[in-house]
Amino acid sequence: MTSEPVEALGSEKQGADEAGKPPPPPARGIAKRALLLVNANSRRAPELMETAVARLRAYEGLEVVLEDCRDPDALPDVIRAHREDVDMVIVGGGDGTMNAAARGLIDTGLPLGILPLGTANDLARTLSIPEDLEAAADVILAGHTRRIDCGEVNGRPFFNVASIGLSAELAHGLTRELKRRFGKLGYAIAAAQVLARARPFRATIESATERARVSTFQIAVGNGRHYGGGMTVDEDARIDDATLHLYSLEMRRPWELLRLAGSFRSGRHVAFEDVRSRAAKTFEVTTRKPRSVNADGELITKTPARFRVLAKAVTVIVPRDAPDPA
């Protein structure tokens, strides 16, 4: 883990020239010191050094301290260590990196700026943050903030969706090499492999008002709106509604999942008869044998899984004109 001032990464002139236009005027009250956490293993990480960092440097008076964090588990400690000497945290990475930083952001209350460097970038999509790195840097520099919820499963926070079943198996099969080589197409390749060998499993789903025993291919609990490269957990889901949205795929045969394929993008799969859909602040999912739980693309715990929503837990920097996430 290394820390160095951002001045070593480029020049102010490069930041303006590479963008083809000068940065927008700085927002009043913009942070004077920012901690920049970069996942060097992210698919687009090299671009960050040449574009977004130079864009951030174009502002006089904004000091950026760069941490090259190859160990995601260390991110919360790094954020907590800087809580008194920075005004914001900028995270460069994909959804897994955002997930790894979540606990540190919750504990310190520092605002989060997002540079989407991953394959799916579903949190950025939910918040209307552009994938273009210079444009994402401009969003951070404009400084418009909004508070969002976090989900939590067995004490581990997540931004987008935590799931048991197909998505967890997909996380096993979606290797770093597959993502690097094929990008978003890698999700489709891995999903086809998982679907070919899919089998339902038995689980019990409990909320404050219901207890149900189910046979299912997948149980997903969403805090945000998007996951898995642009799928939607529920057409009514929002990342600031203080509610978790659960769905369970309870068809009998895996090929029946193909009927739902087109509806996952919009979140309308919850309208199908063999899809259980519920909204609540807490859920508990138990299985006969421990099963992996995939949260924001990372396998982080096992069943039994206790879910809850942490309302307005994180402050994020978003576009000023971003549409309502619903």
Name the single residue, out of those in segment 200-243 being crowded, with 17+ Cβ neighbours inside 10 Å, closer than 18 Å to ASN294 by Cα and among the polar types (S, T, N, Q), that is nearest to the chain's Cα centre (by Cα).
-> ASN223
Within segment 198-219, the residues that are closer than 15 Å to MET251 by Cα and either touching a helix residue (DSSP H, G or I) at 6+ places or on another chain (Cβ under 9 Å) or aliphatic (A, V, I, L, M) (or both) are ALA198, ARG199, PRO200, ALA203, VAL214, PHE217, GLN218, ILE219
If you go through segment 257-293 one residue at a time, how many are at pLDDT 95 or above, surrounded by 18 or more Cβ atoms within 10 Å (Cβ to Cβ) and among the hydrophobic types (A, V, I, L, M, F, W, C)?
-> 4
Quick check: is even one residue across segment 43-61 farther than 28 Å from GLY230 by Cα and among the β-branched types (Val, Ile, Thr)?
-> no
For segment 96-114, enumerate the residues that are of a type in the set (S, T, N, Q), modelled with pLDDT of 95 or more and over 15 Å from ARG147 (Cα atoms).
-> ASN99
Are there any pairs, at least 6 apart or on different chains, whose C-beta atoms fall under 9 Å, with the first in segment 207-219 and at negative phi and the second surrounded by 16 or more Cβ atoms within 10 Å (Cβ to Cβ) and aromatic (Phe, Trp, Tyr), and if so, which?
-> SER207/PHE283; SER215/PHE201; THR216/PHE201; PHE217/PHE201; GLN218/TYR247; ILE219/TYR247; ILE219/PHE283
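Each row is one residue, and each column tells you yes or no for (1) surrounded by fewer than 23 Cβ atoms within 10 Å (Cβ to Cβ); (2) without any contact (Cβ under 8 Å) to a residue 40 or more places away in the chain.
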| site | (1), (2) |
| --- | --- |
| ARG103 | yes, no |
| ASP107 | yes, yes |
| LEU123 | no, no |
| GLU134 | yes, no |
| GLY151 | no, no |
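The values are calculated or read from the model by the stated rules, or taken from the named source; none is laboratory data. Nothing here was measured: the structure is a model prediction, and the numbers come from that model. Positions of Cβ are backbone-derived with ideal geometry, glycine not excepted, and every protein chain shown enters the neighbour counts.
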